[in-house]
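A.B. asks: To start, I am sharing the structure in question, which I have written as C-alpha cells.
The values are calculated or read from the model by the stated rules, or taken from the named source; none is laboratory data. Everything numeric in this text was worked out from a predicted model, so none of it was measured. Here the Cβ positions follow ideal geometry from the backbone for every residue, glycine too, while neighbour counts run over all protein chains shown.
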Amino acid sequence: MSGKLQFLDTNILVYAYSEDDPQKREVARSLISSGEVMIGTQVLQEFANIAHKKLKVNWEEIQATIEELSSKIPLWINSDETIKKACQIAAKYGYSFYDSLIISAALESQSAVLFSEDMHGGQTIENQLEIVNPFKG
C-alpha cells in the first residue's frame, strides 16, 4: 500500500461482511487487512445499524464483528471539535452532515485517503484528504 494512513467509510465495512458482491467484498477485506487504515466511531455505529437492518445479522454477531474490527483497526473517537469541523465541511463542500462527520474524523486523524464508494471520488478536501472509490477502475 501507500504508507499513508487511510480512513474507511461505512460502506467499505458493509461490503467486507456482505455476501452480495464477492468482488467488492474482496477489495474491502484487502483494505481492512492492509494495516494502514483507521475507522471512526460513527463508522462502527452505522455499520452496526446496517448489518442488523439490511444484512439481517443478529446483535451478538454484530458485537463480535465490532470486537474483531476494533482489534484490527485503530478507532478515531469523535469529539466536539470533530462535530464543529463537520459543520464547516458541510457548509464548504456541500456534503451531508454525516458524510462531513466522517470526512472531519479522517482529517483529524491525519489520514491522507478516505475510501468511500458514496462520496466524490477524486476530490481533495482541505488540501489533505483525497476521497477514493476503491471499487472503480
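A.B. asks: For region 73-109, how many residues are farther than 15 Å from LEU129 by Cα, hydrophobic (A, V, I, L, M, F, W, C) and within 15 Å of the chain's Cα centre (by Cα)?
C.D. replies: The qualifying residues number 5.
A.B. asks: Would region 32-40 turn up any residue that is out of contact with any strand residue (DSSP E or B) (no Cβ under 9 Å at 6 or more places or on another chain) and at pLDDT 95 or above? It would help to see each step written out before you state the result.
C.D. replies: Initial filter on region 32-40 (out of contact with any strand residue (DSSP E or B) (no Cβ under 9 Å at 6 or more places or on another chain)): 33, 35.
When the remaining residues are screened for being at pLDDT 95 or above, the result is none.
No, every residue in region 32-40 fails to be out of contact with any strand residue (DSSP E or B) (no Cβ under 9 Å at 6 or more places or on another chain) and at pLDDT 95 or above.
A.B. asks: Could you tell me whether region 83-90 includes any residue that is among the basic types (Lys, Arg), farther than 17 Å from THR10 by Cα and in a helix (DSSP H, G or I)?
C.D. replies: Looking only at region 83-90, we keep the residues that are among the basic types (Lys, Arg), and these are 84-85.
Applying the additional criterion that residues be farther than 17 Å from THR10 by Cα yields 84-85.
Still in the list and also in a helix (DSSP H, G or I): 84-85.
Within region 83-90, one or more residues are among the basic types (Lys, Arg), farther than 17 Å from THR10 by Cα and in a helix (DSSP H, G or I).
A.B. asks: Ok, one more. Give me a count of the residues in region 10-36 that are within 17 Å of ALA105 (Cβ to Cβ) and in contact (Cβ under 8 Å) with a residue 60 or more places away in the chain.
C.D. replies: Selection size over region 10-36: 4.
A.B. asks: Another question, then. In region 91-111, which residues are surrounded by fewer than 15 Cβ atoms within 10 Å (Cβ to Cβ), assigned to a helix (DSSP H, G or I) and not hydroxyl-bearing (Ser, Thr, Tyr)?
C.D. replies: Within region 91-111, ALA91, LYS92, PHE97 meet the criteria.
A.B. asks: For ILE131, state whether it is within 26 Å of LYS24 (Cβ to Cβ), surrounded by 17 or more Cβ atoms within 10 Å (Cβ to Cβ) and out of contact with any helix residue (DSSP H, G or I) (no Cβ under 6 Å at 6 or more places or on another chain).
C.D. replies: Values: within 26 Å of LYS24 (Cβ to Cβ): yes; surrounded by 17 or more Cβ atoms within 10 Å (Cβ to Cβ): yes; out of contact with any helix residue (DSSP H, G or I) (no Cβ under 6 Å at 6 or more places or on another chain): yes.
Criteria met by ILE131.
A.B. asks: Within region 112-128, count every residue that is surrounded by 14 or more Cβ atoms within 10 Å (Cβ to Cβ), without any contact (Cβ under 8 Å) to a residue 40 or more places away in the chain and not in a loop (DSSP other than H, G, I, E, B).
C.D. replies: 1
A.B. asks: Still on this model: Residue check: is TRP76 surrounded by fewer than 20 Cβ atoms within 10 Å (Cβ to Cβ) and aromatic (Phe, Trp, Tyr)?
C.D. replies: On the way: surrounded by fewer than 20 Cβ atoms within 10 Å (Cβ to Cβ): no; aromatic (Phe, Trp, Tyr): yes.
The answer is no for TRP76.
A.B. asks: Further, regarding this structure: Which of the residues spanning region 63-107 are under 14 Å from PHE47 (Cβ atoms), in contact with a Leu (Cβ under 9 Å, 6 or more places away or on another chain) and free of Cβ contacts under 8 Å to residues at least 24 places away in the same chain?
C.D. replies: Within region 63-107, just ILE66 meets the criteria.
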